[in-house]
Amino acid sequence: MLICTGLFSGVVAIATLAYWSQGWCFSDSLYMVIITIFTVGYEEVQPCHTTALRVITGLTIVAGQVTTLYVIGSILRIITEKGFQKAFADHKKIKNMDEIKNHTIICGFGRIGQTIARELKKADLPFLILDRDAARIELSEHLDYLTMEGDAGDEETLNKARISSARTLAAVLPNDMVNVFITLTARNMNPALRIIARAENPATEKKLKQAGANEIILPAMAGGLQIAHRIIRPSLLGVLDDDTTFLKNDLAELGVGIEETIVEKGSHLIGQPLATFIEGVKGLSIILAIRRADGTNSQYPSPHLILQSEDRIISLMRKSG
């Protein structure tokens, strides 16, 4: 658009100066240029009786028409490209929405939602952002996340987010009552869904449990505990939190890593003792904990513990080879 404006202004300025150089006044020169470029059909301001004036008029007509067509073409191209790009982006979003499954629905794209999305992206796990704030929707789309605008407490919106095929829903809005309502709606629509909810007030924890949340996270309490633990055990937590130096490098050098194995629906492990899983990995792991689908944890479980669907086996696994 700047190039178009510059070209058009340049043609008008040069043509006006050309007429002015032939002895015309500035107002007559500018007026002549305008009616010539836009071919309005008015009579000449002054007779073009000399060859120079006729050449100037002819060149003004040609240059003016070419520039005008270029400006109109550029505007149409911009409009068409933007429309095409938007249509293509909408089509891609709908296609991705139809194909997504075993995904996480993140309700709320605030600071916590953004952190969750960033970590899921790193882990290459499918997720969908659901929010009704236009600025947050724009930010999510700018980050190239699968995004949908709407009310997470509305059944129609959750259906569009394919809640029936989702694995997890994270209700992380800053309003506890909204999170309770989202949890209740989601639980009624998908009884097998794993729901993780945020609570600012500890008193809301019971309500979220009753609404169907599997796990409740209290950011303020978690942050306070982390600060307290850093005060009590600064050296230990400093080492454990340094995931780039310790967990990723040092553990890898030792040939071990912390793994999470999910007992999928239909797995042969359902109904089998934990010892069956241990035998399957050929004694290469130490079982640290098992998290049930209802959110309860069993640390250092017995080998005789019977595995259930959606159990998560947390283990320290030795890398084979």
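Only the coordinates and a few stated rules stand behind these numbers; no lab work does. Predicted, not measured: the structure shown is a model, and the values here were computed from it. Using ideal geometry, Cβ is built from the backbone for each residue, glycine included, and neighbour counts are taken over all protein chains shown.
Data table
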| item | result |
| --- | --- |
| Highest to lowest packing among 177-188, 200-211, 114-125, scored as the average C-beta count within 10 Å | 177-188, 200-211, 114-125 |
| Per-residue HN-Hα couplings for the stretch 290-304 [Karplus 6.51, -1.76, 1.60; θ = phi - 60°; Hz; x = Gly/Pro] | 10, 9, 7, 5, 7, x, 6, 10, 10, 8, 6, x, 6, x, 8 |
